[in-house]
Amino acid sequence: SKASAGVTFVDSFSVSSQEILPATLAFNNDGTKMYVAGNKGNDVNEYTLSTAFDISTASYSQNFSVNSQDGEPFGITFNNDGTKMFIAGADGDEIHEYTLSTSFDVSTASYVDSLDVSSQDSRPCGIRFNNDGTKLFMTGFYSDYINEYNLSTAYDISTASYSKRFSVNSEDIYPRDVQFNNDGTIMFVVGGAGDDINEYKLTTGFDVSTASFVDSLSVASQDTNPFSMAFNNDGSKMFMLGYDNDAVNEYTLSC
């Protein structure tokens, strides 16, 4: 694949001491904290990075149990300032909202409410917002759609309503996560069947109905069951969480 030309694997960081079935990955705004959740521990694990977005400097810090809401946290994302956390529960088919009294500190989280997404998919995976929290995107594990929801109040899950969807079935039958570039004109979907990351261009930013497939990047050398992904702020680094090898893998992107 031509997409692999500018991508270089750097190193990996094992999360197996905290989670042996890791399913979702996120960072705080400046890359000094990393979050991993999965369906063994039913919790969100928080790591501290002494050098921003350098996983070789990561160390485990603390965790927060989401077991009261869902036994399979398969998606995680935050609002911009880290005062809200959202978990996609593949067990109960809901997206759960939590408030954090201290930004990006999962130990201060408290449950608020949930959005039922079972009409769209019985196994919601990766979730992301657009930049201002008025749109939410959910990866459908079974139906192979990226589902888009509108929020009438930013980052308030109780105001979310289903809007539209985009099928990624032609590229992968087990989509696991969705990510965007800064302006939403490029969408990335983690493919659990093809062991790759699929890139799409959107003619209208953050409007999945305008997406078209561009290219894919194989990550099979690092993990044959990629589940989640993230970028650093300027898109020069990519991170992939592997379900089988229980590790966060770091890549540099030259283009």
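Of all the residues that make up the stretch 55-83, how many are part of a strand (DSSP E or B), of a type outside the set (A, V, I, L, M, F, W, C) and either out of contact with any strand residue (DSSP E or B) (no Cβ under 9 Å at 6 or more places or on another chain) or over 21 Å from ASP113 (Cα atoms) (or both)?
Within the stretch 55-83, the subset part of a strand (DSSP E or B) is 58-65, 73-78.
Subsequent filtering for residues that are of a type outside the set (A, V, I, L, M, F, W, C) retains 59-63, 65, 73, 75, 77.
Remaining after also requiring either out of contact with any strand residue (DSSP E or B) (no Cβ under 9 Å at 6 or more places or on another chain) or over 21 Å from ASP113 (Cα atoms) (or both): 59-62.
Count: 4.
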Item checked: Checklist (1) open to solvent by 20 Å² or more (accessible area, probe 1.4 Å); (2) touching a helix residue (DSSP H, G or I) at 6+ places or on another chain (Cβ under 9 Å); (3) among the acidic types (Asp, Glu) applied to ASP54, failing item -> (2)
Next item on the list: Go through (1) of a type in the set (D, E, K, R); (2) touching a residue at least 40 places away in the same chain (Cβ under 8 Å); (3) over 21 Å from ILE76 (Cβ atoms) one by one and return the number of the condition LYS201 breaks.
Entry: (2)
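Filter the stretch 154-177 down to the residues that are part of a loop (DSSP other than H, G, I, E, B) and surrounded by fewer than 14 Cβ atoms within 10 Å (Cβ to Cβ) and list them by number. Break it down stepwise before answering.
Filtering the stretch 154-177 down to residues part of a loop (DSSP other than H, G, I, E, B) leaves 154-156, 168-174.
Within the stretch 154-177, ASN169, SER170 meet the criteria.
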Margin query: I need the full set of residues from the stretch 36-54 which are modelled with pLDDT under 95 and in a strand (DSSP E or B), in order please.
Written below: GLY38
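Do we find that ASP30 is open to solvent by 50 Å² or more (accessible area, probe 1.4 Å), at pLDDT 95 or above and under 17 Å from the mean Cα position of the chain (by Cα) in this structure?
Details: open to solvent by 50 Å² or more (accessible area, probe 1.4 Å): yes; at pLDDT 95 or above: yes; under 17 Å from the mean Cα position of the chain (by Cα): yes.
Considered against the rule, which asks whether it is open to solvent by 50 Å² or more (accessible area, probe 1.4 Å), at pLDDT 95 or above and under 17 Å from the mean Cα position of the chain (by Cα), ASP30 comes out as yes.
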Next item on the list: Check off (1) within 17 Å of the chain's Cα centre (by Cα); (2) among the acidic types (Asp, Glu); (3) in a strand (DSSP E or B) for ASP223 and give me the number that stays unchecked.
Entry: (3)
Item checked: Top-ranked residue of the stretch 202-254 - restricted to ones that are of a type outside the set (A, V, I, L, M), surrounded by fewer than 20 Cβ atoms within 10 Å (Cβ to Cβ) and touching a helix residue (DSSP H, G or I) at 6+ places or on another chain (Cβ under 9 Å), ranked as nearest to PHE13 (Cα to Cα) -> THR252
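Out of THR139, THR83, THR77, which single residue is surrounded by fewer than 20 Cβ atoms within 10 Å (Cβ to Cβ) and of a type in the set (Val, Ile, Thr)? Explain how you work it out, then say what you get.
Working: THR139 fails: surrounded by fewer than 20 Cβ atoms within 10 Å (Cβ to Cβ); THR77 fails: surrounded by fewer than 20 Cβ atoms within 10 Å (Cβ to Cβ).
Step by step, each of THR139, THR83, THR77 is checked, and only THR83 is surrounded by fewer than 20 Cβ atoms within 10 Å (Cβ to Cβ) and of a type in the set (Val, Ile, Thr).
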Checklist line | In the stretch 113-150, the residues that are modelled with pLDDT of 95 or more and among the hydrophobic types (A, V, I, L, M, F, W, C) | finding: LEU115, VAL117, CYS125, ILE127, PHE129, LEU136, PHE137, MET138, ILE146
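This table checks each residue for (1) touching a residue at least 40 places away in the same chain (Cβ under 8 Å); (2) under 15 Å from the mean Cα position of the chain (by Cα).
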position	(1), (2)
PHE13	yes, no
GLU19	yes, no
ALA26	yes, yes
GLY41	no, no
Next item on the list: Starting from the stretch 111-126, take each residue that is more than 15 Å from THR139 (Cβ to Cβ) and list its partners that are among the polar types (S, T, N, Q), counting only C-beta distances under 8 angstrom and pairs at least six apart or across chains.
Entry: TYR111/SER68; TYR111/GLN69; VAL112/THR99; ASP113/SER158; SER114/GLN69
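The values are calculated or read from the model by the stated rules, or taken from the named source; none is laboratory data. Quantities reported herein were computed from a predicted structural model and do not represent experimental measurements. All Cβ positions, even for glycine, are placed from backbone atoms using ideal geometry, and neighbour counts span all protein chains on display. Heavy atoms of the whole protein, side chains included, go into the accessibility calculation; ligands, DNA and RNA do not. Shrake-Rupley method; radii C 1.70, N 1.55, O 1.52, S 1.80 Å.
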